[in-house]
Structures are given as structure tokens and as C-alpha cells.
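Each reported figure results from applying straightforward, stated rules to the coordinates on display, with no laboratory input. For clarity, every value in this text was computed on a predicted model and none was experimentally measured. Positions of Cβ are generated from backbone atoms using ideal geometry, with glycine treated the same way; all protein chains shown enter the neighbour counts.
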Amino acid sequence: MRRFTSLLLFSCLAATTAFGGGYQVSLHSVRNIGMGLIGTSLSYDASSLFYNPGGAAFVNEKWSFSGGVSLLMARTTFQSLNVAEQAHLEHKMNTPLYFYAAFKPTTNLSVGLAVNTPYGNGLSWGENWQGRYLIQNLTFRAFTFQPTVSYKFKDIVGIGVGLVYATGSVDLNKAIPLQGATGDGTLNIKGNASNFGFNAGIMVHPIKGLSLGVDYRSKVEMKVKGGDATFTVPQSLGQSFPNTKVDAMLPLAANLDFGASYEFGDKKQWLVGINLCYVFWGTYDSLVFTFEKVTATQAITRSASPALYVNKLIPRIGAQYKMSDLLTLRVGGYYDPSPVPDDYLNPQTPSMNQIGLTCGISVYPTKGLSIDAAFLYIMGMQRSGTFSPDNFAGTYSTAVYVPGIGLTYNF
């Protein structure tokens, strides 16, 4: 049952944090994807509602709308250190999307709504692979809704804050080492989680062409209440492993982002920018799960399992070149270090240090309308490690391909 608890812990971490060195998605604007995922110091459309609410008031137009979708195509391979088995992780179709709408009732004030799917994962290792007692398959989906207000002072300083409501659901399956007439026992977990957080930022334009930004997205404590735990076990063990309910609190890490960008050239056709994203992964020190007791001989009612994640800094860089009034090109890159210690590396979150390379393009068919496209390639640095609670060791490698398309309309 300890392995079940470890599974639930890390499966929820995988689900609630999506992908990257620590499985956190940052696909919140196709334009920004093309520039190495920077955005904290940028304010050219309503995506500032997410990246830095302080920048939304600097958008020139009265109305700004932006929406888009990305397609995650990933391949992860596991090579056991103990047997000559190689397993391939089948990533289910993942399509994170976003939508932003901002309105300026006055020159200095902006209000808006951001809708994102920042957390989501769908994966399957298969029913009979050697790590089936840790995980077989997992699906998680989440949405965040963020009403936001932003105000600027004399075109120099902008401040903004948004209330974040996050809601999601998880569905995971694993085998359990309880042999019956049809083979291994199984466990299915289904649950829903939701809670509130906030997003606050400040943007400063100290000199012409230079923009500085700081943004803080708070931790969100996703509370699972009354999740369903369904066991399929031999009848003789039914009283020890009854179908029951489970409660847990799953914290989503806070982020503190610093950004700087500079426009230059005769027509301000060039832009270069950097971002430093500090992720408070240390939130994942441990998780506690409470199971409703429904029989006198129930094997488990409460358990805690360590995660021991560590905080990490993600550097990002990007550039943009406006070739003409009809076309803009973008390029960027970043380094995303893994927050997972070597002795907690596991198939639920096969986290490794990653390098991301991006490119993007925007076409402007009419005034105010932008058709945006981007491509992100993530190269995972091969990593070996052991999931110590179950002595599950192996080597992981991964590659992720992410095309995206979006529309932006300012008027």
C-alpha cells in the first residue's frame, strides 16, 4: 500500500504540473512560445493578463483578444537497469489552449479575463510493463480562470492583480501485486480538485524602448475531496482493500518571474528579451492522503510520502524581428533544470534537465489582426535514477515537439 500512496503522490504531481524539467507547462501564448517562452516584460496584447498583469494597461488598443492552441507530441523511453527491457511511454493527445480578453475603459485602466489550461497530462506505459505497480496510465485536465485589473501611471509604471480560480480532474490506473484468477489486481483513482490563488505584477518603462517586469503567481493548494478509489482484488481481500473515498491537498508551485526587454532599430523592428523564472518546487516536500475507513480490517486509512523537490531557476531568452508591416519573425530558447532528486526519479514524472529551442512567425492580413504560429522543440538530457520507495531504477530519455497556432486581434 505504500507503493499506492507513492503512486498517488507522484501521479498527481505529474498531472497537476504538466511537462518540463518539473512538469510545468508554459504554453500560454503562441507569440511568446516563439520567443523562448518569455513574456514578463512584454505588453503587446491581452496575454499580459497572464504573464504580467501590470503590463495589460500598456496595451495601446481599447480592446485586445488573443487565443490559441498547442499540440504536444512527446516520446519518452525507459531502459531498466535490472533487466534488458525498454519501454516507451505513449503520450495521449494533449492540446493546452488559452484565451484572453482585455478592455480599457480609460487610457490608464484595463480589465480583462484570462482562461488557461496550464496543467494537463495524458500518458500510458501499457498494462503489462515492469513498472505497472507504479503506474499504467494517467489523464489529468485543469483550467484556470483569472479576472484581472491593471492600472498604469504616466506611461511609466503599471501594476496589476488577478484572482485565479483553478479546477481540474484526474483519472489514473495502476496494477497492484495482489494476484487473482485474472492476474494482477488493479486500482483506479478518480477525483476533482479546485482552489483559489492570485497573480500580481508590476511593469516599468524607465527609458524609451526598455521594459522591465516582475510577476508573482501564487501557490494554489488543489484540494481533492471525496475522490474515488476503486480496487479490483481477489474476493478474499475485499475487506482489506474496499472501494473508498480519498482526500488530499496537492500544492501547485508558486512562480516568481523577472523579465527585461529592449526595442531598437530605426523603426523599432528589433526586440530582445530575457526572463528568469524561479519556481518554488520546494512546496513538494511531502503529501498526506486520508482514506475514508469503511471496513474494520481496511489496510490503510492515512499515509504520507515524501517528494523532496527543490526550487529551480529557469533562464529564458528570445528575440523578435519585424520584417515588414505584414510579417514578424521570432526565435528563442531556455534551460529547464529538473527539481526531482535522483533517488525520487520515477515513471509518473520522468523529469530531467531540458533544453528548449523555439521559433515563431506572425502574419498581419488586416489592421489589428495577427495570425501567429510557433514551434517548440524540447530535448531531455538522458538521466538515470532510482525511485527509492520502490527501488525502481532505470534510465529515461525524452523529446517533445510542440507546434502551436493562434489569433490576436487588437482594435
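Data table
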read-out	value
Using alpha-carbon coordinates, inclination of helix 2-17 to the longest axis of the chain, degrees	10
Quotient of C-alpha Rg and 2.2 N^0.38 Å, computed over the stretch 193-282	1.96
Size of electric dipole in the stretch 114-253: Cβ of Lys, Arg +1 and of Asp, Glu -1, about Cα centre, debye, nearest 20	420
FRET efficiency estimate (nearest 0.05) - Cβ-Cβ, Leu113 to Lys367, R0 30 angstrom	0.80
R0 of 41 Å, Cβ-Cβ distance Ala399-Ala299: FRET efficiency to nearest 0.05	0.55
Nearest-0.05 FRET efficiency for Val69 and Asp266, computed from C-beta distance (R0 35 Å)	0.45
Full-stretch length increase - Leu237, Gln130 - with 0.36 nm per residue and alpha-carbon distance subtracted	36.2 nm
Check: the chain dipole with +1 on Lys, Arg Cβ and -1 on Asp, Glu Cβ, in debye	600
Net charge of neighbours whose Cβ lies under 11 Å from the Cβ of Val30, counting Lys and Arg as +1 and Asp and Glu as -1	0
Computed [θ] at 222 nm, deg cm²/dmol, the chain (DSSP H ≥ 4; -39,500 (n - 2.57); rounded to nearest 500)	-1500 deg cm²/dmol
Rotationally averaged projected area of the stretch 2-410 (alpha carbon convex hull; nm²)	19.3
Distance in nm between pseudo-label sites at Ser384 and Gln179 (7 Å out along the Cβ direction from Cα)	3.1
Top of Gly158, Gly201, Gly368 by mean-square fluctuation, Gaussian network on the chain, Cα under 10 Å	Gly368
Ranked list, fewest to most other Cβ atoms within 10 Å of each Cβ, for Cys359, Cys277	Cys359, Cys277
Within-13-Å neighbourhood charge of Val224 [Cβ basis; K, R +1; D, E -1]	-1
Choice from Gly360, Gly259, Gly282 showing the highest fluctuation, given a GNM over the chain with Cα pairs closer than 10 Å	Gly282
Positive minus negative residues near Ser169 (Lys, Arg vs Asp, Glu; Cβ under 10 Å)	+1
Pairs beyond 26 Å (Cα-Cα), from Lys104/Lys154; Lys219/Lys268; Lys190/Lys312; Lys190/Lys219	Lys219/Lys268; Lys190/Lys312
Set of aspartates and glutamates with alpha-carbon distance to Lys208 below 20 Å, sequence-local pairs under 8 removed	Asp45, Glu61, Asp155, Glu263, Asp266
